[in-house]
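In what follows, a single structure is set out as structure tokens and then discussed.
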Amino acid sequence: MSVLHECELADRKAVVHCRDWTERTGAIIGCWLVQSGRVPDGDVALQIIKILWKKVAKYKRYPNSPETGPQCEFVRKFGRVILDATA
């Protein structure tokens, strides 16, 4: 996450990927959306990723990003951890 933050501060692009951009990448991006303050919580992050993912060609082959239930739950919990830490 710190690398993404540093790239943002330096106005540089960052690439986050794993196998086919469907597994961990969606989880990392979801957590980053929350941590960066772009979304209020993990649920909203997952909704945004779901909308954007449908525009990717791989969507038909891999309809979910993050791909697994535990990865989605991690993003949801990450959002709650961030909120708890700032309270």
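The values are calculated or read from the model by the stated rules, or taken from the named source; none is laboratory data. Everything numeric here is computed off the predicted structure, so don't read it as measured data. All Cβ positions, even for glycine, are placed from backbone atoms using ideal geometry, and neighbour counts span all protein chains on display.
Observations, loosely collected:
- Screening segment 53-67 for residues that are in contact with a Ser or Thr (Cβ under 9 Å, 6 or more places away or on another chain) and part of a helix (DSSP H, G or I) and picking the one that is modelled with the highest pLDDT gives Trp53.
- Number of the condition not met by Pro70 [criteria: (1) touching a helix residue (DSSP H, G or I) at 6+ places or on another chain (Cβ under 7 Å); (2) modelled with pLDDT under 95; (3) surrounded by fewer than 19 Cβ atoms within 10 Å (Cβ to Cβ)]: (1)
- Among the residues making up segment 1-19, those that are modelled with pLDDT under 85 and not in a loop (DSSP other than H, G, I, E, B) are Ser2, Arg19.
- Criterion applied to Gly37, Gly30, Gly26 was being of a type outside the set (Lys, Arg) and outside any helix (DSSP H, G or I), and the one residue passing it is Gly37.
- First in segment 35-51 and over 19 Å from Glu6 (Cα atoms), second anywhere and of a type in the set (S, T, N, Q), Cβ under 7 Å, 6 or more apart: Ile49/Ser65
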